[in-house]
Structures are given as C-alpha cells and as structure tokens.
1. Which ordering of LEU111, LEU40, LEU205 is given by a fewest-first count of other beta-carbon atoms within 10 Å?
2. What are the semi-axes of the equivalent ellipsoid for segment 71-114, taken as the square roots of 5 times the Cα gyration tensor eigenvalues, largest first, in whole Å?
3. Taking one equal scatterer on every alpha-carbon of segment 220-283, how large is log10 of I(q)/I(0) by Debye at q = 0.18, 0.21, 0.27 1/Å?
4. Which whole-angstrom value gives the distance between the alpha carbon centres of segment 248-301 and segment 14-49?
5. Along each principal axis of its Cα atoms, how long is the chain end to end? Whole angstroms, biggest number first, please.
6. Distance between the C-alpha centers of segment 200-239 and segment 64-142? Whole Å please.
7. Let me have the relative contact order for the chain, percent, based on Cα pairs under 8 Å that are six or more residues apart.
8. Treat each spin label as a single point 7 Å out from the Cα along the C-beta direction, and report the ALA305 to ASP259 distance in nm.
Amino acid sequence: MARPSRPAIIATGLRKSYGDKVVLKGIDLEIAEGTIFALLGPNGAGKTTAVQILSTLINADSGEARIAGHDLTREPDAVRELIGVTGQFSAVDNLLTGRENLNLMADLCHLDRAAGRRRTAELLDQFDLVEAASKPVSTYSGGMRRRLDLAMTLVGEPRLIFLDEPTTGLDPRSRRAMWQIIRDLVADGVTIFLTTQYLEEADQLADRVAFLDHGRLIAEGTPHELKRLIPGGHVVLEFADLAGLDAAARTLATATRDDTALTLQVPSDGGVGSLRSLLDQLDRASVSVAGLALHTPDLDDVFLALTGQPDNERAMAR
C-alpha cells in the first residue's frame, strides 16, 4: 500500500497586525503535496500577507507553520531551499536578456557555471523562450515576461511555489498557456499555492480553494463542494410556441415562466440524474423541448455570497 504524502504546508493560528489593524486573525491551513491550493478573497483580505509569512518574507505575530516538515520560524533557511515565489509583479531585469536573467538567478542559487547554463537552457526551452533568449526583456510581451518570471523561480527546482496573482494583465491565450505550465509543474510533483483575482482560474486549476475575508478563513473545500453551498442552480427550457410553454408549465409547477422568451426556468442542482428526471417528466406529458440551457453556481457566485457586505459595513472595514 502506498504511503500517504506528508502535507506541504501546515499552519495553525497565524495572526498578523500592523499597528491597530489586524490583517490575519488566526488562520489554519493544511495543503497536500503535489496539489494546487487557491486562496481567494477581496482586496485587503490578507492574501498577500499570508503568502509573505509562509514564504519567510515576514514573521507572523503568533501561530505556527511547517513547510515540508520544517518549522517556519526555527528553520527558515531550510524552508527557503524548498520554495519559490512569483509575486504580483515581474521581478525581471528589463536591461538584461532572458538568458542573462536566468543565468543571474542560477548564480544566486549557487549553481556552478556549467550546471547553471544547462538549467538556463532547459528553462528557455520549457517556457518557449529560446527564440527570444538573446533579446532584452524590455522587448518582451506581458505573457513572455510572466513566463520568464516563473522560469526564474524554477531555477533552483523548488518543490513548493507561491504564485501571487500570476496571470494579472495577461490576455486569454497567455493566461491559458500559463495554466498549462502550472498543471505540468503539479504533474511533476510540485505543490502550488495560488492567489488570484480570477475565480475562473481557481475553478480550472485548484484541487482545493479557501476564501479569506477580513483576515479570517470563511470557507474551504474543492471547487465543486463550495459551489454546492450556494443555491440558485436552474435549467432554462425553451419551447417552439406558447402551447408547448403552457403544457410544460402545467407539468412543472415549480417553474418560472417567461412568455416573451417562451422559456421556463426550473430549479435544479445540475446533476445528470435530475436532468434525466426532468426530461422524462416532460416526455411522459408529451411535451417537446426546443432547447435547454443549464446554469449552476460558479465560484463568482460563491465569492459574492460569502464576502458580500452592506455598504456601511464595507466602509467601516476600510
């Protein structure tokens, strides 16, 4: 029997204040190795502070954390050897070429010259930057800069990578290319701690998601588990004529009708079983459906439901 992998991160009771402003209010985390964990929340929720603490950039006021078994406070150097950090803004030197940026990082990681140059060549190829390797970074597009930034993080082959809003400002094609890079890293056993403002990104990538609001974790689970917390899933049935709409409305007493659009909106969890039951019910009543559309709550709905506040409370929280 395979032994379960140890957690990449265990944190208990992490707190952080700046003066009288409490940024983190005792958060607990446990993140499995070789997975993608996404921390979501509104601006000012404390996401970046959590990343800074776990990546040894700042100290927590209280609480404990272990990274791959190493105590964050007592063994910070051991932790730093295992992690990489890609921040919100590219940490590349615009005056250097892509190759020079990577070679510089290899020197900072204390790789010998031959090993450093080999690692640079590997990463240029992996991130599709070979043709641009000898060009100044100032000529790179946003997507190329983010790929180079992540490549620089990988020079030391970290086993845990903190990605703080890695696709901010990228066009959809570049964003999806970055998603594939992230998936490939996890397939190789790397653990990803992701913060993002793009909830679709978390839905597409994350094995587990946590919502942080006003310094507290207010929900955690798989994207599917979190979406099931929010009511509002429904099926929209479209009919060819008013007679069909009338017949369906008589059959489905809980549906909401729209005579102008010739549609019925029926509450549904979106499951295959419930859809089959709905269509069977209409079939037994000899009602023909011209079209069907399914809406289930997404992480945007979860985000708004969990973090939404009245305007006066929002003003007081600033």
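1. LEU111, LEU205, LEU40
2. With the √(5λ) rule applied to segment 71-114, the semi-axes are 25, 16, 6 Å.
3. Listed by q, the Debye log ratios stand at -0.68, -0.84, -1.17.
4. Computed from Cα coordinates, the inter-centre distance equals 40 Å.
5. Rounded to whole Å, the extents work out to 78, 51, 50 Å.
6. Between the Cα centre of segment 200-239 and that of segment 64-142, the gap is 33 Å.
7. 19 percent
8. 3.2 nm
Bear in mind that the values in this text are calculations on the coordinates, not laboratory data. These figures come from a predicted structure and were not determined experimentally. Cβ coordinates were reconstructed from backbone atoms using ideal geometry, including for glycine residues, and neighbour counts include every protein chain displayed.
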